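Shown next, in structure tokens, is the structure this report addresses.
The values are calculated or read from the model by the stated rules, or taken from the named source; none is laboratory data. It should be emphasised that the depicted structure is a prediction, and the values quoted were computed from it without experimental measurement. Positions of Cβ are generated from backbone atoms using ideal geometry, with glycine treated the same way; all protein chains shown enter the neighbour counts. With ligands, DNA and RNA removed, areas are computed over all heavy atoms of the protein, side chains included. Shrake-Rupley method; radii C 1.70, N 1.55, O 1.52, S 1.80 Å.
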Amino acid sequence: MPKTQLRVGRLTKAHGLKGAIKLELFTDDPAARFVPGAVFTLQVPTGSPWHGKTLTLSELRWYNGHAVGFFEGVADRTAAETLIKAILWIEQDTAEPSTEEDAWYDHQLVGLAVSRDGETIGSVARVEHFPAQDLLIVKTASGEVMLPFVKALVPAVDIAAGVVTITPPAGLFEELPEDDDDDTDTVNGEVVHEDVDTDTSAESEEPAAGSTEPDAHDSSRN
């Protein structure tokens with residue numbers, strides 16, 4: 001029977017001194033996925049000593065609501081720290097339906113039509129998996145677009161209908177028109193340019209040395 005890989009968790013932080021590692025779970029059924037003896041394929045950088053290896057679970061425990069895993073061959077904190085940020089995958093029969101909410105195999109998503117506001121704008125070319133989140137790579141007439149696979153941007157996936165519904169931010173799939181700004185304003189009914197200082201009673205203020213503008217910052221389907 002054909003197999004596929006299913007992402008089920010990520011190792012986030014060493015816990016204690018005996019090789020335990022905190023887990024971020026990507027499964028609604030950890031009791032079924034994380035059983036003693038479960039074997040995980042590791043997604044790690046090519047330079048990692050764990051590249052190309054598997055990891056076998058000895059035990060899953062819960063501390064203050066956080067999942068913590070103990071694994072064969074990981075006997076101390078030093079060994080545990082070499083696994084931080086590793087993503088855990090398991091093999092799954094492709095014919096076996098997923099019982100988890102908002103979880104799909106990659107092969108189920110690839111090829112689906114991508115619809116925005118009732119209009120098809122492309123199709124899912126592939127799914128990219130990263131530690132922070134998954135990305136849908138959408139193939140459009142003008143090229144490929146990377147879309148974070150989160151519920152706010154991908155509110156509906158209908159496998160039976162073959163459609164992924166998206167609500168992307170403006171400008172992600174098209175260029176925004178430039179503002180028609182002629183750099184003018186009015187003061188007391190008279191037109192002045194924006195770069196004219198209309199307040200002659202106050203001296204211009206210089207920015208404080210070393211000051212900078214704040215950076216923009218942002219954060220599998222959540």
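When L172 is tested against (1) part of a loop (DSSP other than H, G, I, E, B); (2) modelled with pLDDT under 70, only condition (2) is not met. Out of all the residues in the range 24-32, is one or more at pLDDT 95 or above and either open to solvent by less than 80 Å² (accessible area, probe 1.4 Å) or more than 26 Å from H107 (Cα to Cα) (or both)? No, because not a single residue in the range 24-32 is at pLDDT 95 or above and either open to solvent by less than 80 Å² (accessible area, probe 1.4 Å) or more than 26 Å from H107 (Cα to Cα) (or both).
Could you please give the count of residues in the range 7-35 that are assigned to a loop (DSSP other than H, G, I, E, B), of a type in the set (D, E, K, R) and within 23 Å of H129 (Cα to Cα)? Here the count works out to 2.
For the range 42-60, the criterion of a residue being open to solvent by 70 Å² or more (accessible area, probe 1.4 Å) and either in a helix (DSSP H, G or I) or within 14 Å of L6 (Cβ to Cβ) (or both) is satisfied by no position. Once the range 142-168 is narrowed to residues that are open to solvent by less than 40 Å² (accessible area, probe 1.4 Å) and not in a strand (DSSP E or B), the residue that is nearest to V127 (Cα to Cα) is F149.
Which ones in the range 1-22 are under 12 Å from L60 (Cα atoms) and open to solvent by 20 Å² or more (accessible area, probe 1.4 Å)?
Scanning the range 1-22 gives a single hit, K22.
Okay, residues lined up against (1) touching an Asp or Glu at 6+ places or on another chain (Cβ under 9 Å); (2) aliphatic (A, V, I, L, M); (3) at pLDDT below 90:
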position: H107; (1), (2), (3): no, no, yes
position: G122; (1), (2), (3): yes, no, no
position: F130; (1), (2), (3): no, no, yes
position: L147; (1), (2), (3): no, yes, no
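What tally of residues in the range 77-102 results from selecting those that are modelled with pLDDT of 95 or more and touching a His at 6+ places or on another chain (Cβ under 9 Å)? Residues flagged as modelled with pLDDT of 95 or more and touching a His at 6+ places or on another chain (Cβ under 9 Å) within the range 77-102 amount to 2.
Within the range 105-117, residues that are within 16 Å of L135 (Cα to Cα) and surrounded by fewer than 17 Cβ atoms within 10 Å (Cβ to Cβ) have Cβ atoms under 7 Å from residues that are among the charged types (D, E, K, R) and modelled with pLDDT under 95 in these pairs: V110/R126, counting only partners at least 6 apart in sequence or on another chain.
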